[in-house]
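Quick notes on the structure that follows.
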Amino acid sequence: MSVEQKAAGKEEEGKLQKGIAEFYDESSGIWENIWGDHMHHGFYDPDSTVSVSDHRAAQIRMIQESLRFASLLSENPSKWPKSTVDVGCGIGGSSRYLAKKFGATSVGITLSPVQAQRANSLAAAQGLADKVSFEVADALKQPFPDGKFDLVWSMESGEHMPDKAKFVGELARVAAPGGTIIIVTWCHRDLGPDEQSLLPWEQDLLKKICDSYYLPAWCSTSDYVKLPESLSLQDIKSADWSPFVAPFWPAVIRTALTWNGLTSLLRSGLKTIKGALAMPLMIKGYKKDLIKFSIITCRKPE
């Protein structure tokens, strides 16, 4: 790669990070106002119709099911994680939940100064300031020493990462020996044995979503799984949870169309409005089996 190409790539990454930070600076307040602490999908019974209260319970269930999938719901406290990092922490909902459940200390990182400030305020208000803290940091260059955390948690932040190999490499680097890594992320469908790429209409749909949500190129679940394999991580598991998140986007659209939702949206800013207009594209992607909601878990060797 030439010097010019490296410089162009770095500039593109900087623009992406700036867009992500501004998008969440703008949108986090409206999200919290309508949906609460957790800025991620809920885990539902397939084909269910849900209310906002159901949605908030489903978001907690998403955390619980992720922990269960990673075999972390032990009744033995000695097996609970003692220290966690929440990579792409939003306003800190997962970190506070993990601190309460396991008594673990947690550090959350985000590109959004607004999110970090709000997350720290909520932690203080809930009496958790001695357990959890939040800061602005880059997930691809985490400000932590090697082997620091028993649990490395990434709930719907991986889709924002322009270099997935570097991202998973950083998650593995900061994981303690024997530590667990949980990645819950948006992927596209796996390619068939005779396919070299997605179909043109699929690429076009994903590009529109990328432009609205400040996402780089997508990858498949099988592509993601190859990354921990290349790092010799152990107990690698993955699953497609798309059927369990199907009610999420229709529920978000319904609440956006309420008076509270519409007035909040109009006050929030252009980036948030652009994101709201892209929500039907997410529904289409799921219905066409293009978008996959994936979980990948693994463990760092002792």
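Please work out if THR272 is surrounded by 14 or more Cβ atoms within 10 Å (Cβ to Cβ), modelled with pLDDT of 70 or more and among the polar types (S, T, N, Q).
Numbers: surrounded by 14 or more Cβ atoms within 10 Å (Cβ to Cβ): yes; modelled with pLDDT of 70 or more: no; among the polar types (S, T, N, Q): yes.
No, not satisfied.
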Any pair with Cβ under 7 angstrom, 6 or more apart, that starts in the range 188-209 at a residue that is within 20 Å of GLY275 (Cβ to Cβ) and ends at one that is modelled with pLDDT of 95 or more and among the β-branched types (Val, Ile, Thr): HIS188/ILE291
Hits in the range 109-161 - residues which are of a type in the set (Lys, Arg) and either in contact with a helix residue (DSSP H, G or I) (Cβ under 7 Å, 6 or more places away or on another chain) or closer than 22 Å to LYS82 by Cα (or both): ARG118, LYS131, LYS148
Search result, residues across the range 102-121 that are closer than 17 Å to GLY36 by Cβ and open to solvent by 20 Å² or more (accessible area, probe 1.4 Å): VAL114, ARG118, SER121
ALA57, sole failed condition from (1) open to solvent by 10 Å² or more (accessible area, probe 1.4 Å); (2) of a type in the set (Gly, Ala, Ser); (3) closer than 28 Å to PRO143 by Cα: (3)
Residues of the range 162-187 satisfying the condition of being in contact with a helix residue (DSSP H, G or I) (Cβ under 8 Å, 6 or more places away or on another chain), buried (at least 17 other Cβ atoms within 10 Å of the Cβ) and farther than 17 Å from PHE102 by Cα: LYS164, PHE167, VAL168, ALA172, ILE183, VAL184, THR185, TRP186, CYS187
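Determine if the range 159-174 includes at least one residue that is more than 24 Å from LYS300 (Cα to Cα) and not small (Gly, Ala, Ser). Write out each step before concluding.
Of all residues in the range 159-174, those more than 24 Å from LYS300 (Cα to Cα) come to none.
Scanning the range 159-174 turns up no residue that is more than 24 Å from LYS300 (Cα to Cα) and not small (Gly, Ala, Ser).
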Pair list, Cβ < 9 Å and 6+ apart or interchain, from the range 93-120 residues that are within 15 Å of PRO77 (Cβ to Cβ) to residues that are open to solvent by 10 Å² or more (accessible area, probe 1.4 Å) and in a helix (DSSP H, G or I): LYS101/GLN64; PHE102/PRO77; GLY103/PRO77
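Collect the residues in the range 213-244 that are open to solvent by less than 40 Å² (accessible area, probe 1.4 Å), in contact with a strand residue (DSSP E or B) (Cβ under 7 Å, 6 or more places away or on another chain) and part of a helix (DSSP H, G or I), keeping them in residue-number order.
Of the residues in the range 213-244, the ones open to solvent by less than 40 Å² (accessible area, probe 1.4 Å) are 213, 215-216, 218-221, 224-225, 227-228, 233, 239, 241-242.
Going one step further and asking which of them are in contact with a strand residue (DSSP E or B) (Cβ under 7 Å, 6 or more places away or on another chain), we end up with 218-221, 224-225, 228, 233, 239, 241-242.
Correct list: THR221, TYR224, VAL225, PRO228, SER242.
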Any hit, the range 218-235, residues being closer than 22 Å to ALA21 by Cβ and either basic (Lys, Arg) or modelled with pLDDT of 90 or more (or both): yes
Breaking point among (1) surrounded by fewer than 17 Cβ atoms within 10 Å (Cβ to Cβ); (2) touching a strand residue (DSSP E or B) at 6+ places or on another chain (Cβ under 8 Å), for ALA125: (2)
Hits in the range 128-161 - residues which are assigned to a strand (DSSP E or B) and surrounded by fewer than 21 Cβ atoms within 10 Å (Cβ to Cβ): SER133, GLU135, VAL136
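Which of the residues that make up the range 76-93 are in a loop (DSSP other than H, G, I, E, B) and closer than 17 Å to LEU140 by Cα? Spell out how you get there, then give the answer.
Residues of the range 76-93 in a loop (DSSP other than H, G, I, E, B): 76, 80-82, 88-92.
Within the range 76-93, GLY88, CYS89, GLY90 meet the criteria.
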Failed condition for GLU65, given (1) closer than 22 Å to GLU26 by Cα; (2) part of a helix (DSSP H, G or I): (1)
Test for ILE291: is it modelled with pLDDT of 90 or more, among the β-branched types (Val, Ile, Thr) and touching a helix residue (DSSP H, G or I) at 6+ places or on another chain (Cβ under 8 Å): yes
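The values are calculated or read from the model by the stated rules, or taken from the named source; none is laboratory data. Since this is a predicted model, take the numbers as computed values, not measurements. For neighbour counting, all protein chains shown are included, and Cβ atoms are generated from backbone atoms with ideal geometry for every residue, glycine included. In case anyone asks, the SASA skips ligands and DNA or RNA and just uses the protein heavy atoms, side chains included. Shrake-Rupley method; radii C 1.70, N 1.55, O 1.52, S 1.80 Å.
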